[in-house]
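Report on the structure given below.
The values are calculated or read from the model by the stated rules, or taken from the named source; none is laboratory data. All values derive from a computational prediction rather than experimental measurement. Glycine also receives a Cβ, built like all others from the backbone with ideal geometry; neighbour counts cover every protein chain displayed. Note: areas computed on protein heavy atoms with side chains; ligands, DNA, RNA excluded. Shrake-Rupley method; radii C 1.70, N 1.55, O 1.52, S 1.80 Å.
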Amino acid sequence: MPKTIKKVGVLTSGGDSPGMNAAIRAVVRTCAYHNIECIGIYRGYQGMIEGDFKEMGPRSVNNIVNKGGTILKSARSLEFRTPEGRKKAHENLVKAGVDALVVIGGDGSFTGGLIFNSEYGFPVMGIPGTIDNDIFGTTHTLGYDTALNTVVDCIDKIRDTASSHNRLFFVEVMGRDAGHIALNAGIGAGAEEILIPEEDLGLDRLLDSLQKSKASGKSSSIVVIAEGDKIGKNVFELKDYVEANLPEYDVRVSVLGHMQRGGSPSCFDRVLASRLGVKAVESLLEGKSNYMVGLREDKVTLTPLEQAIKGKSEIDRELLRVSDIMST
Ligand code: ATP
């Protein structure tokens, strides 16, 4: 028989993303709904090691559903990667009477949770929180939808300048290993070309496409480039390359950077966070552990943490074709 859970700890770890606060709120309120206690753990695993805890009730999460970032703060903890660090963290949890954990973060945070579970048998549930949408087992991670809207909004603004001056803009978006943001925001914002880590479209094709675009009478062009595009050139090197080969183009670069991680979460992310938070706590109460809650075919599902960590979240290749057709 699994141990009855009376107190759940919740933490946010790794990079922050919009919707993390809404997920904290959902975890805290689901605990209150089921008459169990909840504590917030500050600064991810580092706060667990230092015992940086705070009792949380339904009123301690008022007015955060609409806020970006995370009220619990996030951190990357080197000490938690050591057995000694995890031992200290376990002692603090036991002292505080915590008997299960909800970890909101990316695959690194899930790996930490899984190792902690294997050493101490501590029940752990993961909620995927990262704008990159690069986690297997869910069609959407928390913050991804908000980031897409932010990127589309920025590119719309950049296009105003691009079309006023007949310019070509290269816009770099986040995504070192995953092209979800570039591909979806690129289509949404009407980009002429989209360069992503999953697919090497080749430099010849890029030049060819830009030439065709000019010949067909387009007044401006936007190329969206993920940080980790497979061509292997960074956005500034690409600009130099294109200007050297197509002197008729005046190329400008815009690196969107951290603004993509901030801001008020979209309605979609708030609802997703609420659904995932409820499922995470209720699954723990049912005696489950080592799962990630996620969304598949609009249903909240559980994926073993191990699969969520090892699996690859594939891009939808049909979107490449759609993008191609749209740039005609
Ligand atoms: P993001 O997607 O933003 O990078 P993440 O959760 O993948 O989020 P990481 O920095 O990889 O971010 O991991 C967050 C924290 O999880 C680390 O700082 C560390 O404390 C813990 N962690 C990651 N990997 C391990 C591991 N192998 N053993 C123990 N702890 C780990």
(message) Rounded to two decimals, what is the ratio between the C-alpha radius of gyration of the range 23-92 and 2.2 N^0.38 Å?
(response) 1.20
(request) Output the antiparallel fraction of DSSP beta bridges having both residues in the chain, as a percent to the nearest 5. (result) 25
(message) Can you tell me what share of the DSSP beta bridges in the range 111-237 is antiparallel? A percent to the nearest 5 is fine.
(response) 10
(request) Return one quarter of the surface area of the convex hull spanned by the alpha-carbon atoms of the range 1-120, equal to its mean projected area, in nm². (result) 7.0
(request) Go ahead and collect, in residue order, the members of the range 226-243 whose backbone nitrogen is under 15 Å from a label point 7 Å along the Cα-Cβ direction of residue 207. (result) 238-243
(request) Considering only protein heavy atoms, with the full assembly of protein chains and a 1.4 angstrom probe, order 210, 203 by accessible area, largest first. (result) 203, 210
(message) Using a 1.4 angstrom probe on the protein heavy atoms only, could you order 33, 249, 120 from most to least accessible area?
(response) 33, 120, 249
(request) Tally up the carbon and sulfur contribution to the accessible surface of the chain as a whole percent, 1.4 Å probe, everything protein left in place. (result) 50
(request) For residue 95, list the aspartates and glutamates whose Cα falls under 13 Å from its own Cα; do not include residues on the same chain fewer than 8 positions away. (result) 50, 52
(message) Could you compute Rg(Cα) / (2.2 N^0.38 Å) for the range 1-40, with N its residue count?
(response) 1.31
(request) Just the isolated ones, please: cysteines in the chain lacking another cysteine beta carbon under 4.7 angstrom. (result) 154, 267
(request) Beyond 31 Å between alpha-carbons counts as too far, so tell me which of 288/312; 3/67; 157/299; 3/87 fall in that bin. (result) 3/67; 157/299
(request) Please calculate the 1.4 Å probe accessible area of residue 43, with all protein chains present, and give it to the nearest 10 Å². (result) 70
(message) I'd like to know which of 147, 213, 238 lies farthest towards the positive end of the charge dipole of the chain, counting +1 on Cβ of Lys and Arg and -1 on Cβ of Asp and Glu.
(response) 147
(message) Taking the solvent-accessible surface of protein heavy atoms with a 1.4 Å probe, what is the per residue accessible area of the range 86-208 in Å²?
(response) 34
(message) For the full complex of protein chains and a 1.4 angstrom probe, list 275, 159 by accessible area with the highest value first.
(response) 275, 159
(message) Give me the mean projected area, in nm² to one decimal, of the convex hull enclosing the Cα positions of the range 67-136.
(response) 5.3
(request) Taking the Cβ of residue 220 as the centre, find all other residues whose Cβ is under 15 Å away and add up their charges (Lys, Arg: +1; Asp, Glu: -1). (result) +1
(message) For the range 144-261, what does the convex hull of the Cα positions come to per residue, in cubic angstrom?
(response) 85
(request) Using only alpha carbons, build the gyration tensor for the chain and give me the equivalent ellipsoid semi-axes, biggest first, whole Å. (result) 43, 18, 17
